[in-house]
Amino acid sequence: MTIRRSILILFSVLLISVAFTACKISYSFTGASIAPNVKTFTVSYFPNRARLVNPNLSQQFTDGLQEKLIRQTSLNQIQEDGDLEFSGQVTDYEVRPMNIQEGDLAAQNRLTVTIKVKFVNNKDHEQDWEKTFTAYEDFDSNNSLSTVEESLVPEIIKKLTDDIFNASIANW
């Protein structure tokens with residue numbers, strides 16, 4: 001009787017393990033859902049095509065997106081032809097007055113960055129897309145852009161990379 005029971009338990013464990021491994025999608029605490037056949041990613045350099053150019057923005061954004069994918073997925077970064085490919089360009093970088101007060105003076109200014117992104121999933125082209133992402137930060141109009149730019153740009157890049165990650169990897 002114990003041999004029969006042991007065989008039954010072994011068969012049950014085998015059946016359960018086969019059932020759980022038959023269909024697999026990877027999930028993580030970051031909200032990423034990556035098919036198991038996706039192993040690599042490529043992030044191309046995002047050139048700055050905006051009228052107002054921050055000379056460091058393209059490299060900072062490209063690095064920020066690469067770091068986001070490395071930190072929050074188990075994918076390996078390669079130089080070209082990744083399973084997932086990100087490319088695009090900075091299309092706008094502008095400062096606009098906000099909260100106009102008495103005397104037509106702005107109480108705040110808004111730094112806005114717009115990025116056009118092309119996402120290609122070489123394992124499932126039905127997930128490919130091209131989208132535009134915009135993020136901004138407001139700052140006191142008593143400050144010049146040059147004095148606040150160094151602190152605002154990383155915050156804007158974080159917002160943009162979060163949005164791009166959510167649209168591509170987390171499928172939001």
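The values are calculated or read from the model by the stated rules, or taken from the named source; none is laboratory data. Since the structure is predicted, the reported quantities are computational estimates derived from the model, not experimental observations. Neighbour counts run over all protein chains shown; Cβ positions are idealised from the backbone, glycine included.
Listed residues 63, 92; which is in contact with a Leu (Cβ under 9 Å, 6 or more places away or on another chain) and among the charged types (D, E, K, R)?
Details: 63 fails: in contact with a Leu (Cβ under 9 Å, 6 or more places away or on another chain).
Of 63, 92, the one residue that is in contact with a Leu (Cβ under 9 Å, 6 or more places away or on another chain) and among the charged types (D, E, K, R) is 92.
Quick check on segment 137-147: of everything there that is under 14 Å from residue 93 (Cβ atoms) and surrounded by 13 or more Cβ atoms within 10 Å (Cβ to Cβ), which residue is modelled with the lowest pLDDT? Filtering first and then ranking leaves 145.
The rows are residues; the columns are (1) more than 21 Å from residue 159 (Cβ to Cβ); (2) modelled with pLDDT of 95 or more.
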{"site": "19", "(1), (2)": "yes, no"}
{"site": "31", "(1), (2)": "no, no"}
{"site": "53", "(1), (2)": "no, no"}
{"site": "62", "(1), (2)": "no, yes"}
{"site": "65", "(1), (2)": "no, yes"}
{"site": "85", "(1), (2)": "yes, yes"}
{"site": "93", "(1), (2)": "no, yes"}
{"site": "102", "(1), (2)": "yes, no"}
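Taken as a whole, the condition of being crowded, with 16+ Cβ neighbours inside 10 Å and under 21 Å from residue 59 (Cα atoms) does not apply to residue 150. Every condition in (1) of a type in the set (Ser, Thr, Tyr); (2) surrounded by fewer than 14 Cβ atoms within 10 Å (Cβ to Cβ); (3) more than 23 Å from residue 45 (Cβ to Cβ) is met by residue 132 except one, and the failing one is (3).
Looking for something free of Cβ contacts under 8 Å to residues at least 24 places away in the same chain and either loosely packed, with under 14 Cβ neighbours inside 10 Å or closer than 15 Å to residue 119 by Cβ (or both) - is there at least one such residue anywhere in segment 79-89? No, the conditions are met nowhere in segment 79-89.
Has segment 93-110 got at least one residue that is among the polar types (S, T, N, Q), surrounded by 14 or more Cβ atoms within 10 Å (Cβ to Cβ) and without any contact (Cβ under 8 Å) to a residue 40 or more places away in the chain?
Quick first cut of segment 93-110, residues among the polar types (S, T, N, Q) only: 99, 101, 108-109.
So of that shortlist, the ones also surrounded by 14 or more Cβ atoms within 10 Å (Cβ to Cβ) come out as 108-109.
Still in the list and also without any contact (Cβ under 8 Å) to a residue 40 or more places away in the chain: 108-109.
Looking through segment 93-110, at least one residue is among the polar types (S, T, N, Q), surrounded by 14 or more Cβ atoms within 10 Å (Cβ to Cβ) and without any contact (Cβ under 8 Å) to a residue 40 or more places away in the chain.
Report whether or not residue 109 is more than 14 Å from residue 169 (Cβ to Cβ) and at pLDDT below 95. For residue 109, the condition - more than 14 Å from residue 169 (Cβ to Cβ) and at pLDDT below 95 - is met.
Against the conditions (1) surrounded by fewer than 14 Cβ atoms within 10 Å (Cβ to Cβ); (2) modelled with pLDDT under 90; (3) closer than 21 Å to residue 125 by Cβ, residue 36 satisfies every one except (2).
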